[in-house]
Amino acid sequence: MPLPKAELHLHIEGTLEPELAFALAERNGVALPYATTGELREAYRFSDLQSFLDLYYALMAVLRTPEDFTALADAYLERAAAQGVRHAEIFFDPQAHTARGVPIGTVVEGLAASLDRAEERYGISTRLIMCFLRDESAESALATLEAAKPYLDRITGVGLDSAEVGHPPAKFREVYEEAARLGLRRVAHAGEEGPAEYVREALDVLGVERIDHGLRCMEDPELVRRLARERIPLTLCPLSNVRLRVIDTLADHPLREMLDAGLLVTVNSDDPAYFGGYAGDNYDAVRDALALDPEQLRVLARHSFEAAFLDDDEPRRARYLSEVEAYTF
Ligand SMILES: [Zn+2]
C-alpha cells in the first residue's frame, strides 16, 4: 500500500495520456497530427517549455463534451488512487477551453460528474480550483470569473498558471480581490521560472494562501524565513522542474534544503502525462535522487494534508493525518 497523500498541484488537462487523446479524437472526429499513440508518445518528449505548451494546447482540441472531461478526470483519479492519493485539489484552465468554443459549464459539469463519484469509486475527496492563464489579459481573467459565477458552488478557489516570466502577479490584483469577495480560496504559481519577488507579490498583492512551485524563494533568505514563519505551503513538482529545465537534474532539487529551512513543502505531479509521473512517482523520484528517509517522506505526506483546503471538513483532515502517522514503510 502506498503512502497516503494529498495532491495539491495538478492540472487536469495535463493528465491527458496518448491513449485517451486518441480515443477522444476518434469519438469527436478531431484529426490529430500523429498517426499512432507511439508517435504521439514520442512528441511528449518535448525539449522545452514552449514545445510542451504547444503540444499541451494542441491536444486540448480533443476535449469537447462534458463526457470527455468526465473521462479525463476518471482516468486521473484511477491512477492517483493507485499511488496513494486520498485527496486531490484539481486545477483546470477555463480560458484554454472557452477560447476554442467550449463553454465553462461544459468543463465544470463534466469534471463535477467525475468528482461526485470520486470518493465512492476511488476513495479520493476532491476540490476544484479554477486557474487564470497569466499570459492572457487581466480583463480576460475577470470575464472568466464572471462566467464562472453560476458554478461557484463547485469551485473552491482560483489559481494562476501558464507562462510566468513577464506576467507578474500584480497584473491580476483586481480579479483576486473579486475572488476574495466571492469567498474563494486563492493560490498562484510563482517563483517557478519567475523571480522570488513574484512570490512576495503573490502573497502581498493577491493574498494567496499557497504558492505553487515557489522554489526560487531559495534565492531570498528573508522570504524563506517569512514563508516558514507564516507556514505558507509550497506545492513543489520535482519531475516537472526537470522536464521544464527549471533545474538540470533531480539531484539539484532544493527540496531537502527547503525542508531543513522549515518550509511547508509538498510534492505533486503538475502535468503528469507530460512530465513522466504521477504523485507517487514524484515521491519515489525525490526519495531516490535526494536520499530521503521514510520519516522525511512522512513529513511530506503530513504537509500535504496540512496544506489542503479541508477547513470545512477538519474531521476528514484528522483522519487522513492519522493514516499518515500509522503508515509503515
Ligand atoms: Zn502547475
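The values are calculated or read from the model by the stated rules, or taken from the named source; none is laboratory data. What you are looking at is a predicted structure, and each value in this text was computed from that prediction instead of being measured. No Cβ is skipped: glycine too gets one built from the backbone with ideal geometry, and neighbour counts run over all protein chains shown.
Cβ separations smaller than 6 Å between residues 6+ apart or across chains give the following pairs from the stretch 240-265 residues that are at positive phi and in contact (Cβ under 8 Å) with a residue 12 or more places away in the chain to residues that are surrounded by fewer than 16 Cβ atoms within 10 Å (Cβ to Cβ) and not charged (D, E, K, R): 262/228.
Considering the stretch 209-227, the residues that are within 15 Å of the ligand (Cβ to nearest atom) and either under 17 Å from the mean Cα position of the chain (by Cα) or surrounded by 22 or more Cβ atoms within 10 Å (Cβ to Cβ) (or both) include one that is nearest to residue 310 (Cα to Cα), namely 210.
Considering only residues that are outside any loop (DSSP other than H, G, I, E, B) and touching a Lys or Arg at 6+ places or on another chain (Cβ under 8 Å), which ones fall in the stretch 118-146? Let's see the steps before the verdict.
In the first step, residues of the stretch 118-146 are kept if they are outside any loop (DSSP other than H, G, I, E, B); the result is 118-122, 125-133, 138-146.
Result: 125, 128, 129, 138.
Would you say residue 109 is farther than 23 Å from residue 65 by Cβ and acidic (Asp, Glu)? So residue 109 does not fit the description; no. Answer yes or no: is there a residue in the stretch 147-154 that is touching a residue at least 24 places away in the same chain (Cβ under 8 Å), touching a His at 6+ places or on another chain (Cβ under 9 Å) and in a helix (DSSP H, G or I). Taking every residue of the stretch 147-154 in turn, none turns out to be touching a residue at least 24 places away in the same chain (Cβ under 8 Å), touching a His at 6+ places or on another chain (Cβ under 9 Å) and in a helix (DSSP H, G or I). Of all residues in the stretch 201-227, those being touching a strand residue (DSSP E or B) at 6+ places or on another chain (Cβ under 9 Å) and without any contact (Cβ under 8 Å) to a residue 12 or more places away in the chain number 0. Take the residues of the stretch 24-73 that are of a type in the set (D, E, K, R) and buried (at least 20 other Cβ atoms within 10 Å of the Cβ): which is nearest to the chain's Cα centre (by Cα)? The selected residue is 68. In the condition set (1) within 16 Å of the ligand (Cβ to nearest atom); (2) under 17 Å from the mean Cα position of the chain (by Cα), residue 247 is compliant with all but (2).
Taking the criterion of being more than 23 Å from residue 238 (Cβ to Cβ), in contact (Cβ under 8 Å) with a residue 40 or more places away in the chain and of a type in the set (Gly, Ala, Ser), the only residue of the stretch 155-200 that qualifies is 157. Only one of the listed residues (203, 145) is away from the ligand (no atom under 16 Å from the Cβ), over 26 Å from residue 113 (Cα atoms) and of a type in the set (A, V, I, L, M, F, W, C). That residue is 203. The residue that is farthest from residue 25 (Cα to Cα), counting only those in the stretch 39-81 that are of a type in the set (Gly, Ala, Ser) and without any contact (Cβ under 8 Å) to a residue 12 or more places away in the chain, is 47. Would you be able to tell me the number of residues in the stretch 70-92 that are within 16 Å of the ligand (Cβ to nearest atom) and not β-branched (Val, Ile, Thr)? The qualifying residues number 6.
When residue 179 is tested against the conditions (1) within 16 Å of the ligand (Cβ to nearest atom); (2) among the aliphatic types (A, V, I, L, M); (3) more than 17 Å from the chain's Cα centre (by Cα), the lone failure is (1).
Within the stretch 13-26, residues that are farther than 14 Å from residue 53 by Cα have Cβ atoms under 6 Å from residues that are within 16 Å of the ligand (Cβ to nearest atom) in these pairs: 17/273, counting only partners at least 6 apart in sequence or on another chain.
Output the residues belonging to the stretch 304-326 that are within 13 Å of residue 3 (Cα to Cα) and of a type outside the set (Phe, Trp, Tyr). Explain how you work it out, then say what you get.
Our first condition is that a residue be within 13 Å of residue 3 (Cα to Cα); within the stretch 304-326, this holds for 304-305, 320-326.
The answer is 304, 321, 322, 323, 324, 325, 326.
Could you please let me know if residue 82 is of a type in the set (Gly, Ala, Ser), farther than 19 Å from residue 272 by Cα and modelled with pLDDT of 95 or more?
Details: of a type in the set (Gly, Ala, Ser): yes; farther than 19 Å from residue 272 by Cα: no; modelled with pLDDT of 95 or more: yes.
The answer is no for residue 82.
Conditions tested, residue by residue: (1) within 19 Å of the chain's Cα centre (by Cα); (2) away from the ligand (no atom under 16 Å from the Cβ).
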residue: 130; (1), (2): yes, no
residue: 153; (1), (2): no, yes
residue: 164; (1), (2): yes, no
residue: 187; (1), (2): yes, no
residue: 190; (1), (2): yes, no
residue: 195; (1), (2): no, yes
residue: 207; (1), (2): yes, yes
